[in-house]
Every structure is written in structure tokens, then in C-alpha cells.
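The values are calculated or read from the model by the stated rules, or taken from the named source; none is laboratory data. Bear in mind the structure is a predicted one, so any value in this text is a computation, not a measurement. Glycine also receives a Cβ, built like all others from the backbone with ideal geometry; neighbour counts cover every protein chain displayed.
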Amino acid sequence: MPDETAATPAPTPAPTLFTWEFAADPYPAYAWLREHSPVHRTTLPSGVDAWLVTRYADAREALADGRLSKNRGHHSEGANAKNKVGIPGERGADLMTHLLNIDPPDHTRLRRLVSKAFTPRRIAEFAPRVQELTDGLIDGLQKDATGAVKSEADLIHEFAFPLPIYAICDLLGVPAEDQDDFRDWAGMMIRHGGGPRGGVARSVKKMRAYLLELIHRKRADLGDDLISGLIRASDHGEHLSENEAAAMAFILLFAGFETTVNLIGNGVHTLLRHPEQRALLQESIARGETGLLETAVEELLRYDGPVELATWRFATRSLTIGGQVIGAGDPVLVVLAAADRDPDRFDGPDTLDLARRDNQHVGYGHGIHYCLGAPLARLEAQSALATLLTRLPDLRLAAEPDDLRWRGGLIMRGLRTLPVGFTPEAQADASGGSGMRGSRP
Ligand code: HEM
């Protein structure tokens, strides 16, 4: 006989979203949403109302649904809200015509053009330069401003942040002497991503003015770089206009920069918190294997990837996702981080398994907006992790895990700082390890 006096468990209350505690560990809240309110209406900190899609199957469907537009002209809340739903500063700087803001047929045309320049071959040929940048930055981690050896560093600011910015600048063909300007502008964008926008808008404007000027100069003297490739690319005789090329260079920088910072930052953080998995990876790299490194980067993306929510989408008409009716004009945000922990898709989704093979995560998105830069991101992340674990094998967290602070932005997930300790190679060398190489990139 069932015990009729036993109380049925009270339903767990809905979690509070977008607090600092949520930013530190959003996964329990996402588990609740997946189970109790998989397509969830919420008011974002900006005051905009949006739907959050949290289950894997719904997420894939929504990302591939042509009725969800990337064009914020479809947003029902009017011009005022429209300013709250893009990349800060892009509107004023006239950089809107980029891949993440447009639908077919414009998207199809622009993506085809950029794909002609941003080819897998170009990325593969770039591998030695990425390795050189990685090595130079790891040299730099071990020296202070006076050149003295040090054994602690902030891995975000001294390594994860500069690596992608220098890499994408090199790839685009931004001359070395101008790259530190880009580093400053990008720093402004990352620091104030979800906050005060004046400085961000100024940085975006400066970046655009610089890119237009660079495109103009390159047009007269085409080289082997990506900007020259964008200028050269044509589709049925049609070329990118200078504005389109500038918007394209901007989105490559923007989409390829903070994502990679946080893939490296979140990835190293996860490895440092999972010593057994990290040891397996370290041993495999030491044996000269690449298989585990490749699956590890995918698993780190699934487990705690940098793009927590996909970018804004707007319902062009009333439609249904996961049984929930979405009104025409409503914003829809697909929560990639929730989908990638869905137990209906992944075995043991909350367990880090660097060797996971059945791992079709949505960390790079899905459908026509699938990440264009995935091969570059993989290259940078593999180079960064393999080189760090090889050259600084005793890399460790130099802070209490609870003291780490996460950025509070909506789309990206990443740490503000990642203090690490290590035995510098100069010391390891004195006791029989390898010596310190070269200098900065
Ligand atoms: C490091 C890890 C990266 C992650 C996790 C990532 C993730 C994503 C995601 C989720 C999307 C789709 C967004 C949506 O549908 O709303 C996307 C699109 C895009 N990504 Fe990445 N990205 C990364 C690195 C890069 C890099 C290095 C570049 C280029 C240099 C890049 C360029 C782009 C571009 C241009 C798009 C827009 C594609 C389109 O709309 O057709 N990404 N990325």
C-alpha cells in the first residue's frame, strides 16, 4: 500500500536567471529550464522580453528554422529595444551588414564570397604562425616587465586575450605596428561588453575607420592576406563593396576574438578542475598523439563553451518551438550551453569526458549561420592547450575556485581573470627541463 501520509515533493522553484551566482554556474538553472520550462519566456537584464530555447532537439530545430530571422527589423518591440539587441556600437558605426545580422539571399551571397577567401587551406597554412604566436606568448608569461623570471600569470590577459587578436590581425593583414591599437579597441569591447556603451561605440568607430582605410590601401596593392582575398573575391562578377568588406573584417574580428579568448580560458579552467582528465590529455600529448587533443577541444566546447547563447533571432510570423507558441516579432535566444548538457542527447552530460566521440554539440551553432571560423578556432585552441601543457606541465590554479569571477554578459561565457602558477622553464631547465625560447611573437 502506498503511504498516503507521505508528502509529494514540492516542485523546485524556478531559478533566478542572470545573477552573479547564475553567471558562476548556470548549469543547474538550465537543467531546471530543460525539464520544467524548455521554451521559457523571460525578461532580460536589458528589459527586453525574449524566449530561451534550452533542449538540444529544439535548439537544433530553431537554429535551422528559416522563419527565425537574424534581421532585427523583425523585432516587435520598436526602435528603442532594437538598440539593445546587437553588438554594442555596431549600429552607430554602420557595420550592420554582416553575416550574423542578415538572412538569405543576402546572407547566402556574402557567405559564399567570404568563404572564397576564408578557406580551410588558408587556415591550415596559418598553423605555423599560430604556433609561433603561442610560443611567444608563453615565453612572455614567464617574464615580468623588467625581464625577470616569474611563476604566476593571469592566463586571460597575458595569453588567451592576445593570442586570437594577434592571430586574426595577422590573417586579415593588419600590419604588425597597428596590431596593438586593435588590442586596445578589442580590450575596450570585451571589458564593457554588457555595460556602459560610450567607450565601446568609440572603439568600434575607430576600428571601422581604420578598416576602411586599410581596405582602401590594399585595393591599390593587393597581397596574400584575407582582406586582399575579400577584395578579390567575386561571385558572378559581383564584388564586396568597401563597406561590406569592412563589415566582414569587423565580424571576423568580433566573432573570432572573444569566443577564442573564452574557449582557451574556460578550457584551461575546466582542465585545471579535472586533474584526472587533464593528466590523460597531458600524457597523450607527450606521446605525440593528436587524437585525444582533437576530441578534448570539442568536449571542452560542449562542457563549458564560450558562446552560452546563440545570437538574436526574431520570429517573422507566429510559430511553435517545442510545443510553445512564439508570437510574430518575438526575440528567440537559443541557449547553446543548455542544449549541450541535455541528457536526452548526451550520455552523462555533466561529466567531462575528453575522449567523448558521440559529440555533435551546438557550441559552433547549426544551420546556415554555423561558425565560419570553426577551423581557426580549433587550430588556436589545440595549439594553445598542447603548448601550455607541454611547456608548463605543472600549470595550476593560483586562486580559490570560488574567488574566480565570471563576466556577466548575455551571449558570451568567460572568466574575468584566470590566475595560474607554474614552474618557469628557466628553473625547470636548471633542474634538467627544457630552456626558455625566443621572445614575444
Ligand atoms: C573559439 C570558438 C568559437 C566559437 C565557440 C564560435 C561560435 C559561433 C557560433 C555559435 C556561431 C553561430 C551564432 C548564431 O547562429 O547565432 C558562430 C558564427 C560565426 N563565427 Fe564563430 N565561434 C568561434 C570562433 C570563431 C572564429 C575564430 C571566427 C573567425 C575568425 C568566427 C567567425 C564566425 C562568423 C563569421 C560567424 C557568422 C557566420 C554566419 O552568420 O554565417 N568564429 N560562431
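Overview of values
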{"read-out": "Among (1) farther than 30 Å from ALA399 by Cα; (2) of a type in the set (A, V, I, L, M); (3) more than 20 Å from the chain's Cα centre (by Cα) - the single one ALA127 does not satisfy", "value": "(3)"}
{"read-out": "Close pairs (6 angstrom Cβ cut-off, 6 or more residues apart or separate chains): in contact (Cβ under 8 Å) with a residue 12 or more places away in the chain in the stretch 257-268, more than 8 Å from the ligand (Cβ to nearest atom) and acidic (Asp, Glu) anywhere", "value": "ASN266/ASP304"}
{"read-out": "Qualifying positions in the stretch 290-314 - more than 15 Å from the ligand (Cβ to nearest atom) and of a type outside the set (Val, Ile, Thr)", "value": "GLY291, LEU292, LEU293"}
{"read-out": "The stretch 243-289, subset modelled with pLDDT under 95 and away from the ligand (no atom under 11 Å from the Cβ), residue surrounded by the fewest Cβ atoms within 10 Å (Cβ to Cβ)", "value": "ASN243"}
{"read-out": "Within the stretch 134-166, considering residues that are touching a helix residue (DSSP H, G or I) at 6+ places or on another chain (Cβ under 7 Å) and more than 16 Å from LEU392 (Cβ to Cβ), the one surrounded by the most Cβ atoms within 10 Å (Cβ to Cβ)", "value": "PRO164"}
{"read-out": "Among (1) more than 16 Å from the ligand (Cβ to nearest atom); (2) modelled with pLDDT under 95 - the single one ARG34 does not satisfy", "value": "(2)"}
